[in-house]
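Enquirer: I'd like to ask some things about the structure below.
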Amino acid sequence: EELRTRFKELEGKSNLIGTVHRRKDGVLIEVEISVSGVELDGRNYVFASSRDITERKLADAALREREEQLRLFVEHSPAAIAMFDRDMRYLITSHRWVSDYHIADHDVIGHSHYDVFPDLPERWKAIHTRCLGGAIEKCDEDPFPRADGTTDWVRWEVRPWHNAQGDIAGLIIFSELITERKRTERELRIAATAFEAQEGIVVTDARNVILRVNQAFSRLTGYSAEEAIGQTPAMLR
């Protein structure tokens, strides 16, 4: 009776109605009914056709579940990850990406990566273009000049992702800021250079036990590194 009433309201129109029906064996199924108004010989008729969409509904629910799982995986990943469509608009980002690139104050979803980072070098756009063509590119150490004059160092990988039809639908970028690591390596190199200076240098632990000496120390004192290490500077008195 309810359907007949709805059909009457749709005379002269065209619409889709989603309902749940119970089959003879008691199983509930999702049904999509297509309703359209038809005029024949001066009289109005309602034409209705129905189809079982249970499998499609289940597939849609499974797809939504997978999308939610992907969203949670990316957002809470300890790595900096961002997913883009073919126009390099943000689809999803991990919290680490937002933190590393200082964009917490921006709602980047739906916005172009190039608008969010207007200082992005042109070579990066070329990398994106190649990867949208099917390439996979990566780099272990890459300088990233910022608009404020500073330079970050980044380890990254860019690869395309595909839709259900197998077509490239956008890019995924994995990255890691290694600026602090590069700074530490530079400081260690400077320290190593200084250690080999002309002045004698001795490194001791908290107990004043010699851990390391440079070549200048050996030249000045006559003690080799093997003889000095494990002793205390008192040996020189």
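Enquirer: It is to be established whether one or more residues within the range 163-173 are modelled with pLDDT under 90 and open to solvent by 80 Å² or more (accessible area, probe 1.4 Å).
Expert: Yes: one or more hits.
Yes or no, residue by residue, for (1) open to solvent by less than 40 Å² (accessible area, probe 1.4 Å); (2) among the aliphatic types (A, V, I, L, M):
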residue	(1), (2)
ALA206	no, yes
PHE217	yes, no
ALA228	yes, yes
THR232	no, no
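Enquirer: Of all residues being open to solvent by 100 Å² or more (accessible area, probe 1.4 Å) and modelled with pLDDT under 75 in the range 70-96, which is nearest to ASN163 (Cα to Cα)? Just the residue, please.
Expert: Restricting to residues being open to solvent by 100 Å² or more (accessible area, probe 1.4 Å) and modelled with pLDDT under 75, the top hit is PHE73.
Enquirer: If LEU177 passes every condition in (1) touching a residue at least 60 places away in the same chain (Cβ under 8 Å); (2) open to solvent by less than 40 Å² (accessible area, probe 1.4 Å); (3) of a type outside the set (Phe, Trp, Tyr) but one, which one does it miss?
Expert: Single failed check for LEU177: (2).
Enquirer: Determine, yes or no, whether ARG56 is out of contact with any strand residue (DSSP E or B) (no Cβ under 7 Å at 6 or more places or on another chain), open to solvent by 70 Å² or more (accessible area, probe 1.4 Å), modelled with pLDDT of 75 or more and outside any strand (DSSP E or B).
Expert: For ARG56, the condition - out of contact with any strand residue (DSSP E or B) (no Cβ under 7 Å at 6 or more places or on another chain), open to solvent by 70 Å² or more (accessible area, probe 1.4 Å), modelled with pLDDT of 75 or more and outside any strand (DSSP E or B) - is met.
Enquirer: Specify the residue that is most open to solvent (accessible area, probe 1.4 Å); the eligible residues are those in the range 126-141 that are assigned to a helix (DSSP H, G or I) and of a type in the set (Val, Ile, Thr).
Expert: If we take residues in the range 126-141 being assigned to a helix (DSSP H, G or I) and of a type in the set (Val, Ile, Thr), then THR129 is most open to solvent (accessible area, probe 1.4 Å).
Enquirer: Let me ask something else about it. Within the bounds of the range 115-124, is there any residue that is open to solvent by 30 Å² or more (accessible area, probe 1.4 Å) and closer than 14 Å to GLY170 by Cβ?
Expert: No, that holds for no residue.
Enquirer: Among (1) touching a Leu at 6+ places or on another chain (Cβ under 8 Å); (2) farther than 23 Å from LYS182 by Cα, which single condition is TRP153 missing?
Expert: Unmet condition: (2).
Enquirer: What number of residues within the range 97-111 satisfy the criterion of being within 14 Å of ILE173 (Cα to Cα) and either at pLDDT 90 or above or hydrophobic (A, V, I, L, M, F, W, C) (or both)?
Expert: Count: 2.
The values are calculated or read from the model by the stated rules, or taken from the named source; none is laboratory data. Bear in mind the structure is a predicted one, so any value in this text is a computation, not a measurement. Note that we place each Cβ from the backbone using ideal geometry, even for glycine, and neighbour counts take in every protein chain shown. Surface areas here come from the heavy atoms of the whole protein model, side chains and all, with no ligands, DNA or RNA. Shrake-Rupley method; radii C 1.70, N 1.55, O 1.52, S 1.80 Å.
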